[in-house]
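Enquirer: Here it is, the structure, as structure tokens.
The values are calculated or read from the model by the stated rules, or taken from the named source; none is laboratory data. On a predicted model such as this, the values are computed, not experimentally measured, just so you know. Cβ placement follows ideal geometry from the backbone for every residue including glycine, while neighbour counts extend to all protein chains displayed.
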Amino acid sequence: MFGLGIWQLERKAEKDIRLAQINERQSNRPYKLFELLLEQTVSNKDADIQDFPVSFSGTAQMDSLFFIDNKIVSGKTGYQLVVPVMTIAGDIVLTNFGWLRGNVRRGQLPSLTSQVTALFSNQSRQFTGVVSYPSMNTMVSETNIAFGEFPALLQQIDIRQIKQHLSATGFLTSGKLFPFVVNLSPQPDSEFVRNWQPVVMSPDKHLGYAVQWFGLGIAALTIYLLSLMKLFNTKNNKEN
């Protein structure tokens, strides 16, 4: 129990650092995509560009949509829509358009309005958002092996699996797929919900859990010591 309390304190420290990093990076102007990628090249390693605001131009591939299942907003189930965007160089940037409410029928994917489809199809547009490296849930084992068939339903944003789908369509013959997702900035007139939460559990909650674990540990230790004292007294009384 004391170990779990210490672990919660460590998680709190990690969240404090992450939130400070987010505030620092997102207070800056949006970087051009090539600026961030150039920084990675110059540093000769994968520079940390997580949480940086970014803008880039490209054409949304509306014929190759990825719906990410089991996303809940305000108690309602739905999907996040991830759309590949092809840059002028032929590279693919995955953009998360946001959350859409699911249909009444569980197996039926939501349809996009003609306005959205017409807005993004077959024309280069400017996209602005925040860089996010998707985390993998190892407990999710279900995969979609119908590569190249769209729209594709995925259980999580799996870059490796998405690459297989796009390779089957021939998108990656001349370019590459970047290993991150750009969560698009909120827009008041958008039909997508974009209330991104980079940190799901706040540091204060981790602190509260740590206090609970330490309290349970102290209670267990107290009961253990009292039991030893009672056992010791009982043994002495029998000997006397």
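Enquirer: Among the residues of the range 120-138, count how many are closer than 19 Å to ARG160 by Cβ, surrounded by 13 or more Cβ atoms within 10 Å (Cβ to Cβ) and small (Gly, Ala, Ser).
Expert: Going residue by residue through the range 120-138, those that are closer than 19 Å to ARG160 by Cβ are 131-138.
Now narrow it down to the ones that are surrounded by 13 or more Cβ atoms within 10 Å (Cβ to Cβ): 131-134.
Now restrict to residues that are small (Gly, Ala, Ser): 132.
Of the residues in that region, 1 qualify.
Enquirer: Take the residues of the range 86-109 that are free of Cβ contacts under 8 Å to residues at least 60 places away in the same chain and aliphatic (A, V, I, L, M): which is surrounded by the most Cβ atoms within 10 Å (Cβ to Cβ)? Give the steps one after another, and end with the answer.
Expert: Filtering the range 86-109 for residues free of Cβ contacts under 8 Å to residues at least 60 places away in the same chain gives 88, 101-109.
Pick out the ones that are also aliphatic (A, V, I, L, M) and you get 88, 104, 109.
Working: ILE88: 10, VAL104: 5, LEU109: 17.
By that ranking, first place goes to LEU109.
Enquirer: Further question on the same structure: Which members of the range 22-44 meet the condition of being modelled with pLDDT of 75 or more and either surrounded by 15 or more Cβ atoms within 10 Å (Cβ to Cβ) or assigned to a helix (DSSP H, G or I) (or both)?
Expert: As a first pass, look at the range 22-44 and keep what is modelled with pLDDT of 75 or more: 23, 29-37.
ASN23, PRO30, TYR31, LEU33, PHE34, GLU35, LEU36, LEU37, listed by residue number.
Enquirer: Could you tell me which of the residues ASN195, ASN237 is surrounded by fewer than 10 Cβ atoms within 10 Å (Cβ to Cβ), at pLDDT below 90, out of contact with any helix residue (DSSP H, G or I) (no Cβ under 9 Å at 6 or more places or on another chain) and farther than 23 Å from ASP51 by Cα? Steps first, answer last, please.
Expert: Details: ASN195 fails: farther than 23 Å from ASP51 by Cα.
After ruling out the rest, the residue left standing is ASN237.
Enquirer: Check off (1) surrounded by 13 or more Cβ atoms within 10 Å (Cβ to Cβ); (2) in a helix (DSSP H, G or I); (3) more than 17 Å from the chain's Cα centre (by Cα) for GLY58 and give me the number that stays unchecked.
Expert: With (1) surrounded by 13 or more Cβ atoms within 10 Å (Cβ to Cβ); (2) in a helix (DSSP H, G or I); (3) more than 17 Å from the chain's Cα centre (by Cα) applied to GLY58, the lone miss is (2).
Enquirer: What pairs come out if I take residues in the range 210-238 that are part of a helix (DSSP H, G or I) and pair them with residues that are modelled with pLDDT of 90 or more and of a type in the set (Phe, Trp, Tyr) whose C-beta lies under 8 Å away, six or more apart or interchain?
Expert: TRP213/PHE2; PHE214/PHE2; GLY217/PHE2
Enquirer: If you don't mind, another one. Run ILE162 past the list (1) modelled with pLDDT of 90 or more; (2) closer than 22 Å to GLN26 by Cα and report the number of the one that doesn't hold.
Expert: Here ILE162 clears every test but (2).
Enquirer: Is it the case that some residue within the range 91-106 is more than 13 Å from the chain's Cα centre (by Cα), among the basic types (Lys, Arg) and modelled with pLDDT under 80?
Expert: The answer is yes, given that some residue of the range 91-106 is more than 13 Å from the chain's Cα centre (by Cα), among the basic types (Lys, Arg) and modelled with pLDDT under 80.
Enquirer: Tell me which of these ASN70 doesn't satisfy, since it passes every other one: (1) at positive phi; (2) surrounded by 13 or more Cβ atoms within 10 Å (Cβ to Cβ); (3) in a strand (DSSP E or B); (4) at pLDDT below 90.
Expert: (2)
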